[in-house]
Amino acid sequence: MNINQRIEFIIEKLYNGNKRAFAAAIGVAPTVIENVVGSRQGKPSYGFLEKICAIENIYIPWVITGNGSMLNSDNQNLKSDSINLSKETRPRIPISAAAGSLSIVTQSVTEAQCERIPLNPNMPDYDFTIFVKGDSMEPEFRSGDELACKLLRESAFIQWGCPHVIDSAEGVVFKRIQDAGDDILCTSDNRNYGDFKIPKCEINHLALVVGSSRIY
């Protein structure tokens, strides 16, 4: 089973197939459930997985990876290294990416300030997640999408033309980037927004967007 099918299995076994009851139990709209286990089969977001994993007696590694069985009570004899899968997390940066204008950020966010969420094994390797705010990267990215991002520690790894999260002296922004000499050129997918440049010397961190998820 893939992760969508495992979620549908939970609904069948614990909620007698009642999607509305399941939605009420984890505190989401019924349309969210339809987007995950209905015809659209969208990837569940990190926040959605957290809500599922909060259900009593659900075995977290099974939800995320398929290892083991659905219920904790059926996994008593599993090895400890399998159980430790439930502890693997990534930080969620509590600053929304401003897809349209720079957010004013006076200091970098430390890991201690971040919420930690279960690792999503369906994504490529990533270091943190962050939410999109605004519509300038539509239609591919919408406000409320959660981005999985890989920090770039060397400029040689920059993928020009691809979407990146840029942490600069002026704030945090989510754009596609191009090399512009001493600057980087930031462009939007939504052409109602203009391009702008950020001096390379003012950039604190760059992170490549390697994946995204949406629950509505």
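The values are calculated or read from the model by the stated rules, or taken from the named source; none is laboratory data. Please read all numbers here as calculations on a predicted model, not as lab measurements. Note that each Cβ is placed from the backbone with ideal geometry, even for glycine, and that neighbours are counted across all protein chains shown. Accessible surface is based on the protein model in full, side chains and every heavy atom, while ligands, DNA and RNA are left aside. Shrake-Rupley method; radii C 1.70, N 1.55, O 1.52, S 1.80 Å.
Give the residue that is surrounded by the fewest Cβ atoms within 10 Å (Cβ to Cβ), with candidates limited to residues of region 68-86 that are within 29 Å of Pro30 (Cβ to Cβ) and at pLDDT 60 or above.
Of the residues in region 68-86, the ones within 29 Å of Pro30 (Cβ to Cβ) are 68-74, 86.
Checking the rest, the ones that are also at pLDDT 60 or above come to 68-74.
Details: Gly68: 20, Ser69: 12, Met70: 17, Leu71: 15, Asn72: 17, Ser73: 9, Asp74: 13.
If we take residues in region 68-86 being within 29 Å of Pro30 (Cβ to Cβ) and at pLDDT 60 or above, then Ser73 is surrounded by the fewest Cβ atoms within 10 Å (Cβ to Cβ).
Looking at Ile33, Ile7, Ile64, Ile55, which is the one that is among the aliphatic types (A, V, I, L, M), open to solvent by less than 40 Å² (accessible area, probe 1.4 Å) and not in a helix (DSSP H, G or I)? Give the steps one after another, and end with the answer.
Details: Ile33 fails: not in a helix (DSSP H, G or I); Ile7 fails: not in a helix (DSSP H, G or I); Ile64 fails: not in a helix (DSSP H, G or I).
Going through Ile33, Ile7, Ile64, Ile55 in turn, the sole match is Ile55.
Those residues that are part of a strand (DSSP E or B) and either in contact (Cβ under 8 Å) with a residue 24 or more places away in the chain or open to solvent by 70 Å² or more (accessible area, probe 1.4 Å) (or both), I need them from region 178-198; list them, please. So that I can check it myself, show each step before the final result.
Residues of region 178-198 part of a strand (DSSP E or B): 178-180, 183-187, 196-198.
Passing the criteria: Gln178, Asp179, Lys197, Ile198.
Restricting attention to region 87-96, does a residue exist that is surrounded by fewer than 16 Cβ atoms within 10 Å (Cβ to Cβ), in contact with a strand residue (DSSP E or B) (Cβ under 6 Å, 6 or more places away or on another chain) and modelled with pLDDT of 75 or more? Give the steps one after another, and end with the answer.
Within region 87-96, the subset surrounded by fewer than 16 Cβ atoms within 10 Å (Cβ to Cβ) is 87-89, 94.
Now narrow it down to the ones that are in contact with a strand residue (DSSP E or B) (Cβ under 6 Å, 6 or more places away or on another chain): 89.
Going one step further and asking which of them are modelled with pLDDT of 75 or more, we end up with 89.
Looking through region 87-96, at least one residue is surrounded by fewer than 16 Cβ atoms within 10 Å (Cβ to Cβ), in contact with a strand residue (DSSP E or B) (Cβ under 6 Å, 6 or more places away or on another chain) and modelled with pLDDT of 75 or more.
In this structure, does Leu152 turn out to be among the aliphatic types (A, V, I, L, M), modelled with pLDDT of 80 or more and in contact with a Lys or Arg (Cβ under 6 Å, 6 or more places away or on another chain)?
Working: among the aliphatic types (A, V, I, L, M): yes; modelled with pLDDT of 80 or more: yes; in contact with a Lys or Arg (Cβ under 6 Å, 6 or more places away or on another chain): no.
Judged against the criteria, Leu152 is not a match.
Could you check region 37-51 and list, in sequence order, the residues that are surrounded by 19 or more Cβ atoms within 10 Å (Cβ to Cβ) and touching a helix residue (DSSP H, G or I) at 6+ places or on another chain (Cβ under 6 Å)?
Val37, Pro44 - these are the residues of region 37-51 that are surrounded by 19 or more Cβ atoms within 10 Å (Cβ to Cβ) and touching a helix residue (DSSP H, G or I) at 6+ places or on another chain (Cβ under 6 Å).
For region 168-177, give me each residue that is in contact with a helix residue (DSSP H, G or I) (Cβ under 8 Å, 6 or more places away or on another chain) and either in a strand (DSSP E or B) or not hydrophobic (A, V, I, L, M, F, W, C) (or both). Don't jump to the end; show me each part of the working.
So the first thing to find is which residues in region 168-177 are in contact with a helix residue (DSSP H, G or I) (Cβ under 8 Å, 6 or more places away or on another chain), and the list is 168-170.
If the condition is that a residue be in contact with a helix residue (DSSP H, G or I) (Cβ under 8 Å, 6 or more places away or on another chain) and either in a strand (DSSP E or B) or not hydrophobic (A, V, I, L, M, F, W, C) (or both), then Ser168, Glu170 are the ones that fit.
Tell me, yes or no, whether region 160-172 has at least one residue that is free of Cβ contacts under 8 Å to residues at least 40 places away in the same chain, in contact with a Phe, Trp or Tyr (Cβ under 8 Å, 6 or more places away or on another chain) and surrounded by fewer than 20 Cβ atoms within 10 Å (Cβ to Cβ). Give the derivation first.
To start, the set of residues in region 160-172 that are free of Cβ contacts under 8 Å to residues at least 40 places away in the same chain comprises 160-161, 169.
Those left that are additionally in contact with a Phe, Trp or Tyr (Cβ under 8 Å, 6 or more places away or on another chain): none.
No, there is no match, as no residue in region 160-172 is free of Cβ contacts under 8 Å to residues at least 40 places away in the same chain, in contact with a Phe, Trp or Tyr (Cβ under 8 Å, 6 or more places away or on another chain) and surrounded by fewer than 20 Cβ atoms within 10 Å (Cβ to Cβ).
Hey, Ile10 hits all of (1) free of Cβ contacts under 8 Å to residues at least 40 places away in the same chain; (2) over 20 Å from Thr89 (Cα atoms) but one; which does it fall short on?
The failed condition is (1).
How many residues, within region 199-211, are of a type outside the set (Val, Ile, Thr) and surrounded by 20 or more Cβ atoms within 10 Å (Cβ to Cβ)? Give the steps one after another, and end with the answer.
Start the filter on region 199-211 by keeping residues that are of a type outside the set (Val, Ile, Thr), which leaves 199-202, 204-208, 211.
Add one more test, that the residue is surrounded by 20 or more Cβ atoms within 10 Å (Cβ to Cβ), and what stays is 206-208.
So the count comes out to 3.
Among the residues of region 118-159, how many are assigned to a strand (DSSP E or B) and surrounded by 15 or more Cβ atoms within 10 Å (Cβ to Cβ)?
Total meeting the criteria: 13.
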